[in-house]
1. Scanning segment 153-171 for residues that are more than 14 Å from the chain's Cα centre (by Cα) and part of a strand (DSSP E or B), which turns out nearest to VAL69 (Cα to Cα)?
2. Search segment 104-126 for residues being under 25 Å from VAL57 (Cβ atoms) and surrounded by 16 or more Cβ atoms within 10 Å (Cβ to Cβ), and hand back the single one that is nearest to the chain's Cα centre (by Cα).
3. Against the conditions (1) of a type in the set (A, V, I, L, M); (2) surrounded by 13 or more Cβ atoms within 10 Å (Cβ to Cβ); (3) in the same structural domain as VAL187 (by TED's automatic domain parsing), where does LEU84 fall short? Just the number, please.
4. Does ALA150 meet the test of being under 11 Å from the mean Cα position of the chain (by Cα), assigned to a strand (DSSP E or B), surrounded by 14 or more Cβ atoms within 10 Å (Cβ to Cβ) and free of Cβ contacts under 8 Å to residues at least 40 places away in the same chain?
5. Does segment 6-35 hold any residues that are more than 18 Å from ARG141 (Cα to Cα) and surrounded by 17 or more Cβ atoms within 10 Å (Cβ to Cβ), and which are they?
6. Does segment 157-176 contain any residue that is in contact with a helix residue (DSSP H, G or I) (Cβ under 9 Å, 6 or more places away or on another chain) and assigned by TED's automatic domain parsing to the domain that holds ARG78?
7. Checking PHE94 against (1) within 18 Å of VAL162 (Cβ to Cβ); (2) surrounded by fewer than 13 Cβ atoms within 10 Å (Cβ to Cβ), only one condition comes out false. Which one?
8. Please count how many residues of segment 129-153 are out of contact with any Gly (no Cβ under 9 Å at 6 or more places or on another chain) and within 18 Å of ASP95 (Cβ to Cβ).
Amino acid sequence: MSRNLPRRPHLDHLRKQAKELLQTLQQQDPGSRLADAQHAIARQYGFSSWPRLKAHVAREAATAPNPFVGNWTADLSRSRLHPLNQLRSATIAFDVAGDTVTINYVMVEPSGHTERGVNTFVADGNERPSMIREGYVMRARWLGSHGLEAVVSRNGEFEGRVDYAVSSDGRTLTLSAKGGPGGVEQVGVFERDAL
């Protein structure tokens, strides 16, 4: 079976696929090793070995720009915001260096009040104290090449989650947020600003 790699493959995702395959292989042959699963994954993607697949992914990561990077403007007509969180306008700017993500945002409320802020976090799947909310912990991770998840907790209890997804053509960014009192859900749709 031959599969196509995503446009921006992520090694962590491929490792997860290999670990999942290893469980299946070990049911068939208890002597199966992780190297066997990695080799099988590499072959599925058309590579002769796991090291060649890893080298390809590393080259892609070094040369391809992250699809999140850039300036985005909210399309409020396509967004579904909570009634208590209405906006006149919103812009965000993403910068990504490795797994470090920096988001600069500007939100203008219907009254005209403007809120500006910066949020920086590391998307490596590990929990870290929030840099913007004291007492909170954030775990962020990449979901493939065009997805990013950030989960916030406090005292071990879930507080909220934001999923960021860039469309395959790179023109639209969707933020899906859930959390806060009453489990508020909202979706913000952003269009990439012209370069």
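The values are calculated or read from the model by the stated rules, or taken from the named source; none is laboratory data. Remember, it's a predicted structure, so these values are computed and weren't measured experimentally. In this analysis, Cβ positions are derived from the backbone assuming ideal geometry, glycine residues included, and neighbour counts consider all displayed protein chains.
1. GLY160
2. Among those that are under 25 Å from VAL57 (Cβ atoms) and surrounded by 16 or more Cβ atoms within 10 Å (Cβ to Cβ), it is ALA123.
3. For LEU84, the failing item is (2).
4. Working: under 11 Å from the mean Cα position of the chain (by Cα): yes; assigned to a strand (DSSP E or B): yes; surrounded by 14 or more Cβ atoms within 10 Å (Cβ to Cβ): yes; free of Cβ contacts under 8 Å to residues at least 40 places away in the same chain: yes.
It is true that ALA150 is under 11 Å from the mean Cα position of the chain (by Cα), assigned to a strand (DSSP E or B), surrounded by 14 or more Cβ atoms within 10 Å (Cβ to Cβ) and free of Cβ contacts under 8 Å to residues at least 40 places away in the same chain.
5. If the condition is that a residue be more than 18 Å from ARG141 (Cα to Cα) and surrounded by 17 or more Cβ atoms within 10 Å (Cβ to Cβ), then ALA18, LEU21, LEU22, LEU25, SER32 are the ones that fit.
6. To start, the set of residues in segment 157-176 that are in contact with a helix residue (DSSP H, G or I) (Cβ under 9 Å, 6 or more places away or on another chain) comprises none.
Among the residues of segment 157-176, not one is in contact with a helix residue (DSSP H, G or I) (Cβ under 9 Å, 6 or more places away or on another chain) and assigned by TED's automatic domain parsing to the domain that holds ARG78, which makes the answer no.
7. (2)
8. 5
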